[in-house]
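Have a look at the structure below, then the notes.
FYI, it's all coordinate maths here, none of it is from the lab. The model shown is predicted, which means the values in this text are computed figures rather than measured ones. Glycine also receives a Cβ, built like all others from the backbone with ideal geometry; neighbour counts cover every protein chain displayed.
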Amino acid sequence: MLYENATFIERIDKHTIWVETQIKTSCNACQHNSECGTGVIAKSLTPKSNRVKALCSHTLAPKQQVVLQVSEQNMLAGAFVLYGLPLIMMILLMLAIEWLLQNELASIVAGFIGLALGLFMAKGISKKFNPYPQVVEQPNTSIFTCIEP
C-alpha cells in the first residue's frame, strides 16, 4: 500500500470527500536545484497542491489532516489504462494501416485516430473500477527486526 498525507477540504457526499495533497518533485532534493533548468521550470510551472477525491465515511473537521491509502494494483492499472492503452492502440492502428495501404500519411493519420480511440477507451474503462484512495486511521506498519546469522 502507498500512503500520503492530505488535508480535508470538503465533503461531496456521505462516502466521498475532497482532500488536498502537496505535490512532491524530485527536483527539491538535488544540490543543483537553483542552477538546473528542469528545477527552475518545475518550481515555476507545477502547482504546489493537488485536489483529490477520496473515499471516507468518517466525520472530519475542515483542514483536518488525514492519511490516504492507495493500493499498488490501482496505481499500476490506472497508469496502464491512462498511458499504455492509448499508446498500444496508436501503434496497432499505425502498423495495420501501413501493412494494408503502405502509405506513410495514412499511417500517421491512423496513429492519431488510434490515440483518440485509446483515450476514449481509457475513459470508459476507468469508470468501471474504483481508483479513488481511501482515508485510513493509521497506516499499516510492520516492524522489521534484523537478525544476524
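Some observations on this one:
- In this simple spin-label approximation, residue 67 and residue 102 carry label points 7 Å from Cα along the Cα→Cβ vector, and these lie 6.3 nm apart.
- FRET efficiency, 1/(1 + (r/R0)^6) with R0 35 Å, evaluated for residue 23 and residue 58 via beta carbons: 0.90
- Under Karplus coefficients 6.51, -1.76 and 1.60, residue-wise ³J(HN,Hα) of region 62-68 in Hz, glycine/proline x: x, 6, 6, 7, 10, 10, 9
- Cα-Cα over 24 Å, subset of 48/127; 63/127; 63/128; 48/123; 14/48; 14/63: 48/127; 63/127; 63/128; 48/123; 14/48
- Put in order of Cβ neighbour count within 10 Å, fewest first, the listed residues 59, 7 become 59, 7.
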